[in-house]
Amino acid sequence: MQTPAPTDYVRATSVANAIALLEEHGEEARLLAGGHSLLPMMKLRVARPEMLIDINDLDELRGIKVEGDELVIGAMVTHNEVLESPVLAEHYAIFREAEKVIADPLVRNRGTVGGSMCQADPSEDLSAVGSALKASVVIQGSSGSRTVPLREFHDGPYTTVVEPNEILTQVRVPIRPGAGSAYEKVERRVGDWAVCAAGSFVVVSGGVVTDCGIGLTAVSAEHFCAPEAEAFLIGKAPTDENLREAANLAAAATDPSSDQRGPADYKRHLAGELTFRALKRSAAASQGA
Amino acid sequence: MQISITINGETVTRDVEPRRLLVHFIREDAGLRGTHWGCDTSNCGACTVWLDGKPVKSCTVLAAQADGHEVKTVEGLETADGLDPIQQGFIECHGLQCGFCTPGMMMTGRALIDENPNPSDQEIREAISGQICRCTGYNNIVKAIRWAAEAEASSEVNA
Ligand code: FES
Ligand code: FES
């Protein structure tokens, strides 16, 4: 039987209250969102927080909305809410495609966007989605809030720029009229982490790619992205040949390690192939095909 | 800490450690052993119950998080009118062998039919994809859930 170490528990009543509680309890406190990363780590005693600050009552962290030319996803939005969101689906198919293969339907009822991002698992899917879409996150502390591009959010595996007395409140995604997007993942079985996954958005205008983004997970791509591959595509026609070349550049941006999910060269091959498929479907969607 | 959870309509109040998991609260503190406890690692889904109407894995929720909330377990399926169609479906279609996964499968199946009264086999398979059955090979579970959906649809037509 796996049991977490003894801990205290308190429910935050507002974001400001959660931050005050974090400051009061210091580094031994942890925010408890959906709990589907933190509780398993506590059961394994990899994490032993002395105080859990439950943020499930904070309605200000829920909801998906459009603000100006951005999509705003609250940190406590669950994976299933992302999966079923009509407004996200309207702008970016990648959300639905990625969420369909994140964990399983029961876990998706509890796990949250903010929790996944802050857990910052190097095989996490939403980080690749957010990186592909060049999203940013809003981080709030006692002295105000700051907006950080997702491509500057991760400090390495399981670490982010969120300070112990701060809370991630929102993910913000620029709306790009005419963009097509897609997500491609290979996993050993339902609910497992990706062997490799790639996501992309592409805007095709006048027969050439005018904007694009590529995200990769589980293959140690820096900040989950492939900027050289993106730069290569700009101004080029979305032919198979060009997309294949971009995919090769994306694969070159990875540094996978061999583990029980597969050898490194297989994962690098996947990175190229899945990027190609995602780009191809993104470009086709952008051209209304 | 003292917490109160409404389980199948009845409020259960107990003093628990904050680290108490919901599955143990249900089984040990509330004495409802219908909910099973298997892998302990959010893989098997034997511990599936409803929290505020949604199926969740109760080994990965703290009892404290359910304080003031509503839980429904397999014991809450049967009504004064008899077995829930989902329970009847598992009987009709031989949807269980050892029965260990069954409470979780029934809670997920019931939630699926509430949301989607006419699910395809593919949708049923997706709904139970976070749950493991070591015995049946899943086919009869899918049939059982479909039986329940069809039984309900036809009883509504006749009503
Ligand atoms: S005991 Fe909860 S998922 Fe297996
Ligand atoms: S009937 Fe035995 S595990 Fe499903």
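The values are calculated or read from the model by the stated rules, or taken from the named source; none is laboratory data. It should be emphasised that the depicted structure is a prediction, and the values quoted were computed from it without experimental measurement. So basically every Cβ, Gly included, is an ideal-geometry build from the backbone, and we count neighbours across all protein chains shown. Accessible surface areas use protein heavy atoms only, side chains included; no ligands, DNA or RNA. Shrake-Rupley method; radii C 1.70, N 1.55, O 1.52, S 1.80 Å.
Observations on the model:
- The criterion of at least 2 residues that are touching a residue at least 40 places away in the same chain (Cβ under 8 Å) and not polar (S, T, N, Q) is met, among strands (runs of 3 or more DSSP E) falling completely within segment B:1-72, by B:2-7, B:48-51, B:54-57, B:70-72.
- Cβ pairs under 6 Å, 6+ apart, first in segment A:36-48 and within 10 Å of chain B (Cβ to nearest Cβ), second part of a loop (DSSP other than H, G, I, E, B): A:H36/A:R110; A:H36/A:G111; A:M42/A:P4; A:K43/A:Q2; A:K43/A:P4
- Scanning segment B:26-49 for residues that are within 13 Å of chain A (Cβ to nearest Cβ), more than 16 Å from ligand 2 (Cβ to nearest atom) and surrounded by 21 or more Cβ atoms within 10 Å (Cβ to Cβ) yields B:S42, B:V49.
- Filtered residue count, segment A:206-215, keeping only those that are open to solvent by 10 Å² or more (accessible area, probe 1.4 Å) and touching a residue at least 60 places away in the same chain (Cβ under 8 Å): 0
- Residues of segment A:97-132 that are surrounded by fewer than 22 Cβ atoms within 10 Å (Cβ to Cβ), of a type in the set (A, V, I, L, M, F, W, C) and within 18 Å of A:L32 (Cα to Cα): A:A120 alone.
- Only one entry of B:A127, B:A111 meets the criterion of being facing chain A (nearest Cβ under 10 Å) and either over 17 Å from B:L77 (Cα atoms) or within 11 Å of ligand 2 (Cβ to nearest atom) (or both), and that entry is B:A127.
- Those residues of segment A:67-95 which are in a loop (DSSP other than H, G, I, E, B), among the hydrophobic types (A, V, I, L, M, F, W, C) and farther than 17 Å from A:A128 by Cα, in sequence order: A:M76, A:V77
- Here B:H94 does not fit the description of being in contact with a Leu (Cβ under 9 Å, 6 or more places away or on another chain) and more than 15 Å from ligand 1 (Cβ to nearest atom).
- Number of residues in segment A:44-101 that are farther than 29 Å from A:C212 by Cα and among the basic types (K, R): the value is 2.
- Criterion violated by A:G63 - all others in (1) open to solvent by 20 Å² or more (accessible area, probe 1.4 Å); (2) out of contact with any Gly (no Cβ under 8 Å at 6 or more places or on another chain) satisfied: (2)
- Any pair with Cβ under 8 angstrom, 6 or more apart, that starts in segment B:131-145 at a residue that is free of Cβ contacts under 8 Å to residues at least 24 places away in the same chain and over 20 Å from A:D192 (Cα atoms) and ends at one that is more than 16 Å from ligand 1 (Cβ to nearest atom) and open to solvent by 50 Å² or more (accessible area, probe 1.4 Å): B:V142/B:D121; B:V142/B:R125
- Here B:G76 meets the list (1) within 15 Å of ligand 1 (Cβ to nearest atom); (2) at pLDDT 95 or above almost entirely, failing just condition (1).
So that you can scan it fast, the table gives a plain yes or no per residue for (1) part of a strand (DSSP E or B); (2) over 16 Å from A:V101 (Cα atoms):
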site: A:V162; (1), (2): no, yes
site: A:L168; (1), (2): yes, yes
site: A:V173; (1), (2): yes, yes
site: A:G180; (1), (2): yes, yes
site: A:Y183; (1), (2): yes, no
site: A:V195; (1), (2): yes, no
site: A:A198; (1), (2): yes, no
site: A:V202; (1), (2): yes, yes
site: A:G215; (1), (2): yes, no
